[in-house]
Amino acid sequence: MNGAQVGFFILAGLLIVSSLWVVFQRNVVHSAMALVAALFLVAILFLTLNAPMVGVLQILVYAGAIMVLFLFVIMFLNPIGLEQRRRLWWGFGALAGLLLAGALVPVLTNGDAPRDPVVATELFGGPEELARSLFTDFVLPFEIASILLLVAIVGAVVLAKREP
Amino acid sequence: MIVDIGIVAIKAFLVLFMVLNLAGLLGWVERKGSALIQDRIGANRASIFGFAGMGLVNTLIADPLKFLTKEDFVPPSGDRFLHTLAPCLALFPALVTFAVIPFGDVLYLGDRVINLQVANLNVGILYIFAMGSLGVYGLVIGAWASNNKFSLLGGVRGSAQMISYEVALGLSVIGILMVYGTLELQEIARGQGALLRELLPESAGFLRATVGWLPAWGIFLQPVAFLLFFTAAVAETKRIPFDLPEAESELVAGSHVEYSGGKFLMFFAGEFAEIVTAAGLMTTLFFGGWQVPYLMRDGFHFPWGASILLPHVAVVLLQVGAFTFKVLFFCWLQILLRWTVPRFRYDQVMRLGWKMLLPVALVNVMITALVVLYMQHNP
Amino acid sequence: MDASLIPLLPGAQVLLTALVVMLLDLFIDEHERGLLAWISLLGLALCGAEAILLWGSSEGTFGDTLLLDNFALFFTQIFIAVAALTVLSSMRYVRETGIHEGEFYSLILFATTGMIVMAAANDLMVFFLGLETMSVAVYVLTGMWRSSARSSEAAMKYFLMGAFATGFLLYGIALIYGATGSTNLNQISAYLLEPQGQWPPYLFVGGLLLLVGFGFKVGAVPFHFWIPDVYEGAPTPVTGFMAVAVKAAAFAAWARILMHELSPLDSDWALPLRVLAIATMTIGNLLAISQPSVKRMLAYSSIAHAGYLLIGIVAGEEWGSTSLLFYLATYAPATFGAFAVITLLTEQDKPKEDYGHFAGLGFKRPFVAMAMSLFMLSLAGFPPLAGFTGKFHIFRSAIIAGHTDLAIIGVLNSLLSVIYYLRVIVMMYMNEGGVKGKSFIESPYLYTAVGLAAAATIYLGVLPMRTLEWSRSAFSSLF
């Protein structure tokens, strides 16, 4: 095992721990902070995969913006009543999750390597490479995504607008 | 290998050292400066054997000592873990952001080329925004963990305000990115070493003749962006006129109500570190970074033909000196602002952010894009 | 890269109309907002005209991520017809319920844009974005009746469940991308046709997750739990839009992705799809019988119809696919028309959706009752109405493909469905009471919508050949 692999396993281990923390923590704010930590660790994983742009955007968008809004809403609603859980559903959820994991893990570990794995070059994952493919090969999805965002904005305004 | 790591470690230590010390020094500037502005005497009580040093002893030695020896109070119904985590979250982003800000060009040491920047990331600016966007956690988590209505209100205000101004902050820089064509801060700083007339197209003869002698600093190319950036950056540091999360006349001390001792000191230091970082960014993006007008790598070359050759060390020293001077200037400007203008009302802050800064920033991006496109087709 | 813009034309036309409606909404007075509906209709009509003119073209663009062929155009016609009917039937409704008109129409148009993209998408990523554009717009449309708690609840449920299903879909797409190295359907199918030893196992997991996502979007059992509550809570014209257009869009993408490009995997789909089809038909029909509200009954009926449509997917081949397309065309007017009649019964802000409210309708509003009877009979599958021809072809395709058992279960289920469809007719003609006085949505446009739907129901039942021919040519354009 070389250094990169050791680093990966440390990161992955921390990631799993913080993800479990998100699920098992009873306090909503603790959960949210564990999720921030998980997102941060994912960003570092991206950095180690030579994709700094995606990594930094991960922090900027998820940890920096979306999770802050999460906290904002949590602080507004202060959902203390949600801390009780029903045991039956707990067991049911755990069972379903285990079944899914049991089905996925053997399948995912037991495959050949993906076809044509992309070789990470020096430029790969940098802003220029990303921008180039975004505005050439993926220009149509890019534009449709902007429509999607527009729809989401209109929708959010419509639903949140104060009634006259 | 070892030497490389050593060099990076030295650079990192130097930058951290400078930022933290500057943060402390700014505390003194804030207290003495405000006294000057308000025609008071200011901090002068503490002294060592009668030496008060213009209040330096008071603010740099006595104050920190007092903070560190005070009781570290955690509200009984609060969340002890998060209450402790929050100040670290507040200080951390402010300190790591400076890593990508270049404080000089390259230093040749023997056959070694040292880039005077702690980390050269090709996503530099995004890194800064990413770290800046984490800054809000310290405030919000601290506010929530205090379990106090005033701090909660402050936290809610703070998160809304910082999210809002991040948008304007990010968009204001897009113009700069387009003009210099890179996200790397060192490249942006280098790009500002050119003269305007080298950038202007042949067809703009009049402009070349009149303002062509100016250096191609961001402020000359993107003046609107600078105003937007300055406003948004001040809002991000949560100081007057944008100190709604604290607003002592409404919320006592807002998000900091339940903090005392060392933890409060960390919040305090974090705020000043943010000022230093903001000043560093203003300098790098809009005021040439470490550039001294007309100073090339081998000395001065003036537009009228004269040149003064300087040794390499002198050039580097001049550059680092210029950077430090500019950063100090913007720190001073921010402190001056804090003691000059009154606080906005909350709705005004929101309106300014969403209804004025954001549209102006968008229009600025649009116009810049058109001009850049035009210049690419008519060189 | 080729980047012809012509294949984008129908979608762009609807998108442009949506933007015009949205912007114009800012500048015109409250009482002039009716204009927006007419602009929407105009835009949809233009799009329909373009789709007719482009019929027969087969052009890919942007690296074949979007493919405008007869298949896409066929569905485009269904989408815009339903969108136009929705606009017609909500012109008065939105005023009375206090829904913001400008946003309502533009969201309908945005959703239609998303559907058109879905039907034409030849790339999993483009398909996904189209799906999300549609879904987000419909989530919002569901909750637009702000003063109705049911509407907000429905929007919330739909959003949460929809977002969850999206997760499945996206993970499935990611796994398929990992296995095949592309999101483009042409390249995926080229990869699958390559003679080689073994496909990576996670390709199947990806396909299965895709199946779950689709199952949710079309409301197949056991992914149907959201349908009754959401259909019941949403503003009724939106329910009609969802029951027809959203379902059609999901089936369009399903047909293109699973039946054609991933067809080498057919033998692996067969079993889960059969189970899905049988469960969906049977459970949908059984639950529909016991519903006290006609709107809820129609929600379950739409689940049952998704089951019949799944038979078409199981049958596959030329007949299965053609009859799937044709069935969607026949299902559309009857279902939409039924929801339009429910819209008509709304009184003040009280929805009148129970069976009891239909009592005596045959005497008070003979024409409305007649239209409603037509819709019910068509949905039950009585000749000579649209529903009969649709069911006839779909069951026939099952028999041709050797799935006789599915056809038998389907016919038995149709018999079962007669119980609750006829109950509405019995209520209308053989009972007294029900809604008194004038309905407050006495809009000529709503009547027009009901009339158009009734006419289409009869037309597709009596003269199905032309539409059947279109379905066949739409299907064959996939190859």
Original post:
From the phi of every residue in the stretch C:98-109, what ³J(HN,Hα) in whole Hz does the Karplus formula 6.51 cos²θ - 1.76 cosθ + 1.60 yield, where θ is phi - 60° and glycine or proline is x?
Top reply: x, 7, 5, 5, x, 5, 4, 5, 5, 5, 4, 5
Subject >> Spatial separation of Cα centroids for the stretch C:350-371 and the stretch B:20-53, in angstrom >> reply: 84
Original post:
Taking Cα centroids, how far is the stretch B:165-238 from the stretch B:297-372 in Å?
Top reply: 9
**OP:** Please list, or write none, the aspartates and glutamates whose alpha carbon is within less than 13 Å of the alpha carbon of residue B:326, excluding same-chain residues fewer than 8 places away.
**Re:** none
**OP:** May I ask for the angle, rounded to the nearest 10°, between helix B:149-180 and the longest principal axis of chain B, with both axes built from Cα atoms and the value confined to 0 to 90°?
**Re:** 0
**OP:** For each of C:376, C:156, count neighbouring Cβ atoms within 10 Å of the residue's Cβ, then give the residues from fewest to most.
**Re:** C:156, C:376
Original post:
So what is the relative contact order of the stretch A:1-80, in percent, for Cα pairs below 8 Å that sit 6 or more residues apart?
Top reply: 25
Subject >> Packing-based exposure ordering (other Cβ within 10 Å, fewest first) of A:136, B:182 >> reply: A:136, B:182
**OP:** Can you put B:339, B:217 in order of Cβ neighbours within 10 angstrom, beginning with the fewest?
**Re:** B:339, B:217
Subject >> Residue pairs, from the table B:66/B:263; B:32/B:70; C:295/C:352; B:70/B:263, whose Cα atoms sit over 18 Å apart >> reply: B:32/B:70
Original post:
Please state the relative contact order of chain B as a whole percent: Cα pairs under 8 Å, 6+ residues apart?
Top reply: 22
Subject >> For residue C:181, residues with placed amide H under 5 Å, excluding near neighbours >> reply: A:115
Original post:
What is the distance in Å between the Cα centres of the stretch C:137-163 and the stretch C:68-108?
Top reply: 17
**OP:** When a/c is below 1.5 the answer is rounded, else prolate if a/b is larger than b/c, else oblate, so apply that to the stretch C:12-120 with a ≥ b ≥ c taken from the square roots of the Cα gyration tensor eigenvalues.
**Re:** prolate
**OP:** Pop out the ³J(HN,Hα) list for the stretch C:358-367 in order, Karplus 6.51 cos²θ - 1.76 cosθ + 1.60 with θ = phi - 60°, rounded to Hz; leave Gly and Pro as x.
**Re:** 8, 4, x, 5, x, 8, 7, 10, x, 6
Subject >> chain C: relative contact order as a whole-number percent, Cα under 8 Å and 6+ apart >> reply: 16
**OP:** Would you please classify the overall shape of the stretch A:1-80 from the alpha carbon gyration tensor, given that a ≥ b ≥ c denote the square roots of the eigenvalues, rounded means a/c under 1.5, and beyond that prolate means a/b larger than b/c while oblate covers the rest?
**Re:** oblate
Original post:
Summing -39500 (n - 2.57) over the DSSP H runs of n ≥ 4 in chain C and dividing by its residue number, what mean residue ellipticity at 222 nm do you reach, to the nearest 500 deg cm²/dmol?
Top reply: -24500 deg cm²/dmol
Subject >> Tilt relative to chain C, helix C:266-289 - C-alpha long axis, 0 to 90 degrees, to 10 >> reply: 10
Original post:
So how tilted is helix C:465-476 from the main axis of chain C? Cα-based, degrees 0 to 90, rounded to 10.
Top reply: 30
Subject >> For residue C:66, distant residues with modelled amide H under 5 Å away >> reply: C:61, C:122
**OP:** Return the calculated 222 nm mean residue ellipticity for chain B, to the nearest 500 deg cm²/dmol, obtained by summing -39500 (n - 2.57) across DSSP H runs with n ≥ 4 and dividing by the residue count.
**Re:** -20500 deg cm²/dmol
**OP:** May I ask you to evaluate 6.51 cos²θ - 1.76 cosθ + 1.60, the Karplus curve with θ = phi - 60°, for each residue of the stretch C:404-415 and list the ³J(HN,Hα) values in order in whole Hz, giving x for glycine and proline?
**Re:** 4, 4, 4, 4, 5, 4, x, 5, 4, 5, 4, 4
Original post:
Under a 5 Å amide H to amide H cut-off, with H placed in plane at 1.01 Å, what residues pair with residue C:148 once short-range neighbours are removed?
Top reply: none
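A short reminder: the numbers here are calculations on the coordinates, not readings from a lab. Everything quoted here is computed from the prediction, not taken from an experiment. For neighbour counting, all protein chains shown are included, and Cβ atoms are generated from backbone atoms with ideal geometry for every residue, glycine included.
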